[in-house]
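*Asks:* There's a structure below that I have some questions on.
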């Protein structure tokens, strides 16, 4: 953590915490009923037809749900300053805290994987800022980067 993040932590306590600490433990979310704020500091990636309408449409993945969830975990664990906050394995849901490099601002990222048949699954990925009105596009960039990394991870696993 930078000295500047420590100073900002006097006013925004979660900025002074490490990893997933400093924030409440995430509860299991109803990803079929995401309540988005009016501020432009969230990005939702989900299958077409999802309500609310996603910012990024995710495909139907031609892999079983456990394999897709393992891919999401691998992508998240490879990201810098990204920490596991909670996992609800039976529900196919996992929560991460992603922190900014300079000020240690926390963002929350939730992934939900669901079976769409024996060898198919879907993904909802929701990234949102804890602080601020605007995120300057950070959440959308994160979501698109994670989805691209997930495609590479799944493709490399299928090439073996």
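The values are calculated or read from the model by the stated rules, or taken from the named source; none is laboratory data. These numbers come from a predicted model, not from an experiment. In this analysis, Cβ positions are derived from the backbone assuming ideal geometry, glycine residues included, and neighbour counts consider all displayed protein chains.
*Asks:* Does residue 97 count as under 14 Å from the mean Cα position of the chain (by Cα), assigned to a helix (DSSP H, G or I), in contact (Cβ under 8 Å) with a residue 24 or more places away in the chain and crowded, with 20+ Cβ neighbours inside 10 Å? Talk me through it step by step, then tell me what you get.
*Replies:* Details: under 14 Å from the mean Cα position of the chain (by Cα): yes; assigned to a helix (DSSP H, G or I): no; in contact (Cβ under 8 Å) with a residue 24 or more places away in the chain: yes; crowded, with 20+ Cβ neighbours inside 10 Å: yes.
Criteria not met by residue 97.
*Asks:* Follow-up question, since we're still on this one. Considering only residues that are surrounded by 14 or more Cβ atoms within 10 Å (Cβ to Cβ), over 11 Å from the mean Cα position of the chain (by Cα) and in contact (Cβ under 8 Å) with a residue 60 or more places away in the chain, look in region 133-159 and name the one that is nearest to residue 15 (Cα to Cα).
*Replies:* Here the residue is 135.
*Asks:* Which of the residues spanning region 56-72 are within 14 Å of the chain's Cα centre (by Cα) and either under 17 Å from residue 29 (Cβ atoms) or assigned to a loop (DSSP other than H, G, I, E, B) (or both)?
*Replies:* Selection gives 58, 69, 72.
*Asks:* Would you be able to say whether some residue in region 29-49 is in contact with a helix residue (DSSP H, G or I) (Cβ under 7 Å, 6 or more places away or on another chain), assigned to a helix (DSSP H, G or I) and at pLDDT 95 or above? So that I can check it myself, show each step before the final result.
*Replies:* If we filter region 29-49 for residues that are in contact with a helix residue (DSSP H, G or I) (Cβ under 7 Å, 6 or more places away or on another chain), which is where we start, we get 41-43, 45.
Restricting the remaining residues to those that are assigned to a helix (DSSP H, G or I) gives none.
Scanning region 29-49 turns up no residue that is in contact with a helix residue (DSSP H, G or I) (Cβ under 7 Å, 6 or more places away or on another chain), assigned to a helix (DSSP H, G or I) and at pLDDT 95 or above.
*Asks:* When you look at residue 107, is it under 15 Å from the mean Cα position of the chain (by Cα), at pLDDT below 95 and either under 24 Å from residue 27 (Cα atoms) or outside any helix (DSSP H, G or I) (or both), yes or no? Full working, then the answer.
*Replies:* Details: under 15 Å from the mean Cα position of the chain (by Cα): yes; at pLDDT below 95: no; either under 24 Å from residue 27 (Cα atoms) or outside any helix (DSSP H, G or I) (or both): yes.
In short, no.
*Asks:* On to the next question. Among the listed residues 125, 102, identify the single one that is touching a residue at least 60 places away in the same chain (Cβ under 8 Å) and surrounded by fewer than 16 Cβ atoms within 10 Å (Cβ to Cβ).
*Replies:* Details: 125 fails: surrounded by fewer than 16 Cβ atoms within 10 Å (Cβ to Cβ).
Going through 125, 102 in turn, just one is touching a residue at least 60 places away in the same chain (Cβ under 8 Å) and surrounded by fewer than 16 Cβ atoms within 10 Å (Cβ to Cβ): 102.
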